[in-house]
Amino acid sequence: MTDENPETKPAGGSPQSVERAAAAEINGRRVNEAIERGAQGTGTAVFVCECGNLGCSETLELAISDYEAVRSGFERFLVVPGHQIEEIEDVVEHHDAYLVVAKRDDRATRMAYATDDRDSG
Ligand SMILES: [Zn+2]
């Protein structure tokens, strides 16, 4: 439970907040992977917003195929419109109900790679 990050105070910028946001997004992605697996055979499912906001509990209903399209790249995340963090990511797709964002930060992308452990069967 103790999660004390020693404040290393790097000069310039705030990479820690980038990593924190990336960790939150990866957490959302894990939840959504489970949802996606559980929803197989149905047309749509309710996914959670994968934004970097730790307090976010927004959900989005979309087709499984649409979520698969979001997941066509490791750096791409599903977020509720307005939840993008423009400092670290770019909106690459606009949809009526959701946005797809792509990480600009290499570190966040590497974290996403490192934690992407879904097996293909
Ligand atoms: Zn959100």
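The values are calculated or read from the model by the stated rules, or taken from the named source; none is laboratory data. Here the structure is a predicted model, which is why all the values come from computation and not from measurement. Note: ideal-geometry Cβ built from the backbone for every residue, glycine included; neighbour counts use all protein chains shown.
Restricting the first residue to the range 40-66 and requiring it to be without any contact (Cβ under 8 Å) to a residue 40 or more places away in the chain and closer than 10 Å to residue 98 by Cβ, which pairs with a second residue that is away from the ligand (no atom under 16 Å from the Cβ) and not in a loop (DSSP other than H, G, I, E, B) meet a Cβ separation below 8 Å and a spacing of at least six or different chains?
As it stands, the answer is 47/36; 61/44; 61/45; 62/44; 62/45, since those pairs meet every condition given.
What's the number of the condition residue 81 fails, among (1) within 16 Å of the ligand (Cβ to nearest atom); (2) at pLDDT 85 or above; (3) within 11 Å of the chain's Cα centre (by Cα)?
Unmet condition: (3).
So, of the residues in the range 51-70 that are among the charged types (D, E, K, R) and more than 18 Å from residue 21 (Cα to Cα), which turns out to be nearest to the ligand (Cβ to nearest atom)?
Among those residues, the one meeting the criterion is 61.
If you scan the range 23-50, which residues turn out to be of a type in the set (A, V, I, L, M, F, W, C) and more than 16 Å from the ligand (Cβ to nearest atom)?
34, 39, 45
Which residue is nearest to the ligand (Cβ to nearest atom), if the candidates are limited to the range 84-104 and must be within 17 Å of residue 61 (Cβ to Cβ) and of a type in the set (A, V, I, L, M)?
Selected residue: 99.
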